[in-house]
Amino acid sequence: KTIVCGVLVIDNEVLLIKRVKPPYKNHWAMVGGKLEFGEHVEEAAVREFYEETGIKAEFDSVAGIASEIIYDKNEKKDHFLIFVCKLKSENKNFIETEEGKLKWINLNELDKEKIVPSDVLMIRDFILKNKKLSIHKIKMIEDGEKYSVEEFTA
């Protein structure tokens, strides 16, 4: 599953959501969801964040990508390709939705909350270290067995 998370940090606090569905039910997590067909990563990050928080944020950058596999004992249970995106906004006023309760959590207190452990690592490594990755958008045209690039942006 391809997941896109939008991370908004204001005044040394990050906005997290308490998950109501598995996996990670009842854990605080980054705000995000599934990448929809035909949607670019930055569009998905902004859309998911708005749908779950009511905050209109702007895309800043892809801060990191993680391949996360959940195991039950030694058996693979789930697999996610997660794009962690940094967002920008000055608005801290959220609107809670059916997706879960929202809370601003101080970045120095991530270990004091019941947060998805991998999310803590991704926030620390991708967001706090201010990493940025480039995204190449490519529009391919198929004509029989011939392919050509119509659009390319980096």
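The values are calculated or read from the model by the stated rules, or taken from the named source; none is laboratory data. Bear in mind the structure is a predicted one, so any value in this text is a computation, not a measurement. All Cβ positions, even for glycine, are placed from backbone atoms using ideal geometry, and neighbour counts span all protein chains on display. Note: areas computed on protein heavy atoms with side chains; ligands, DNA, RNA excluded. Shrake-Rupley method; radii C 1.70, N 1.55, O 1.52, S 1.80 Å.
For the set 86/146; 101/137; 56/114; 114/139; 34/101; 18/137, the pairs lying more than 30 angstrom apart at their alpha carbons are 86/146; 101/137; 114/139; 18/137. 3J(HN,Hα) along the stretch 75-89: 9, 5, 10, 7, 9, 10, 9, 10, 9, 9, 10, 7, 10, 10, 5 Hz, from the Karplus curve 6.51 cos²θ - 1.76 cosθ + 1.60 with θ = phi - 60°, whole Hz, x for Gly and Pro. Charging the Cβ of each Asp and Glu at -1 and of each Lys and Arg at +1, and nothing else, the dipole of the stretch 1-120 about its Cα centre rounds to 420 debye. Please determine, in degrees from 0 to 90 and to the nearest 10, the orientation of helix 41-53 with respect to the longest principal axis defined by the Cα atoms of the chain, where the helix direction is its Cα long axis. Rounded to the nearest ten degrees, it is 30. Within the chain, DSSP assigns beta bridges of which about 80% are antiparallel (rounded to the nearest 5).
On a per residue basis, the chain carries 62 Å² of accessible surface, using protein heavy atoms and a 1.4 Å probe.
Ranking 104, 70, 138 by Cα position along the charge dipole of the stretch 47-154, where only Lys, Arg, Asp and Glu carry charges on their C-beta atoms, puts 104 farthest toward the positive end. If a/c stays under 1.5 just call it rounded; otherwise compare a/b with b/c (prolate if a/b is bigger, oblate if not). Do that for the stretch 98-148, with a ≥ b ≥ c from the square roots of the Cα gyration tensor eigenvalues. In terms of gyration-tensor shape, prolate. Within the chain, the proportion of C-alpha pairs whose separation exceeds 29 Å stands at 20%.
With a ≥ b ≥ c taken as the square roots of the eigenvalues of the C-alpha gyration tensor of the stretch 1-60, please select rounded if a/c is under 1.5 and otherwise prolate if a/b is larger than b/c or oblate if it is not? Verdict is oblate for the stretch 1-60. Under a cut-off of 17 Å between alpha-carbon atoms, report the aspartates and glutamates in cross-link reach of residue 76, not counting same-chain residues fewer than 8 places apart. By straight Cα distance, residue 76 reaches 68.
The listed residues 152, 49, 126, once ranked by accessible area (1.4 Å probe) with the largest placed first, stand as 152, 126, 49. Computed on the stretch 40-99, with alpha-carbon pairs under 8 angstrom and 6+ residues apart, the relative contact order is 38 percent.
As an exercise, use a Förster radius of 35 Å and the Cβ-Cβ distance of residue 125 and residue 37 to find the FRET efficiency, rounded to the nearest 0.05. It comes to 0.75.
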